[in-house]
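The values are calculated or read from the model by the stated rules, or taken from the named source; none is laboratory data. All values reported here derive from a predicted model rather than from experimental measurement. Don't worry about glycine lacking a Cβ; one is built from the backbone with ideal geometry, like all the others, and counts go over all protein chains shown.
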Amino acid sequence: MTDIKAQVEKLDGWSVENEMVIRKFKFDKYLDGISFVENIGIYAEGVQHHPFISIDYTTVTVSWTTHSKNSLTEKDIAAAKACNNLYRLFN
């Protein structure tokens, strides 16, 4: 787990809370956030690894954890990186 947390520290905007990696993404427009969430959904289905997502107008909060391990794993790091890459497409 220590190695995973060290990897999270290197990820732009992500932190660890309650065995989850979490980040808030800000958008200028509500529908940009919705499109972002849709793209995360497509990614999640493709890798069969699904996040917790909340939408608060122009702020999207994404949290990843590996439910089967009840902990953070490499899958969560890869998913956080994928979210960062998707976010770049919106900015």
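Give the residue that is surrounded by the fewest Cβ atoms within 10 Å (Cβ to Cβ), with candidates limited to residues of region 1-25 that are touching a residue at least 60 places away in the same chain (Cβ under 8 Å) and under 24 Å from Asn39 (Cα atoms). Looking at residues that are touching a residue at least 60 places away in the same chain (Cβ under 8 Å) and under 24 Å from Asn39 (Cα atoms), I get Asp12. Looking only at region 54-66, filter to residues that are closer than 13 Å to Arg23 by Cβ and in contact with a Gly (Cβ under 8 Å, 6 or more places away or on another chain); which one of those is surrounded by the most Cβ atoms within 10 Å (Cβ to Cβ)? Residue satisfying both the conditions and the ranking: Val60. For region 40-52, a residue qualifies if it is under 12 Å from the mean Cα position of the chain (by Cα) and assigned to a loop (DSSP other than H, G, I, E, B), and the qualifying residues are His49, His50, Pro51. Quick check on Val37: is it among the hydrophobic types (A, V, I, L, M, F, W, C) and assigned to a strand (DSSP E or B)? No, not satisfied. The set of residues from region 7-34 being in a helix (DSSP H, G or I) and either hydrophobic (A, V, I, L, M, F, W, C) or at pLDDT 95 or above (or both) comprises Val8, Tyr30, Leu31, Asp32, Gly33, Ile34.
Could we say that Ile55 is modelled with pLDDT of 95 or more and in a strand (DSSP E or B) here?
Working: modelled with pLDDT of 95 or more: yes; in a strand (DSSP E or B): yes.
The answer is yes for Ile55.
Considering only region 37-57, I want to know if a residue exists there that is farther than 15 Å from Glu74 by Cα, among the small types (Gly, Ala, Ser) and touching a residue at least 24 places away in the same chain (Cβ under 8 Å).
Start the filter on region 37-57 by keeping residues that are farther than 15 Å from Glu74 by Cα, which leaves 37-43, 45-46, 52-57.
If we keep only those that are among the small types (Gly, Ala, Ser) too, we end up with 41, 46, 54.
Imposing the further condition that a residue be touching a residue at least 24 places away in the same chain (Cβ under 8 Å) reduces the set to none.
No, because not a single residue in region 37-57 is farther than 15 Å from Glu74 by Cα, among the small types (Gly, Ala, Ser) and touching a residue at least 24 places away in the same chain (Cβ under 8 Å).
Within region 26-43, being exposed (fewer than 15 other Cβ atoms within 10 Å of the Cβ) and among the charged types (D, E, K, R) holds for Lys26, Asp28, Lys29, Glu38.
On the stretch given as region 12-34, residues that are closer than 14 Å to Leu86 by Cα and either out of contact with any Lys or Arg (no Cβ under 9 Å at 6 or more places or on another chain) or of a type in the set (A, V, I, L, M, F, W, C) (or both) total 7.
Residues that are polar (S, T, N, Q) and more than 16 Å from Ile40 (Cα to Cα) were ranked within region 67-90; the one that is surrounded by the most Cβ atoms within 10 Å (Cβ to Cβ) is Thr73.
Please go through region 63-91 and pick out each residue that is in a helix (DSSP H, G or I), of a type in the set (Lys, Arg) and free of Cβ contacts under 8 Å to residues at least 24 places away in the same chain.
Applying the first criterion (in a helix (DSSP H, G or I)) to region 63-91 yields 74-89.
Then drop every residue that is not of a type in the set (Lys, Arg), which leaves 75, 81, 88.
Correct list: Arg88 only.
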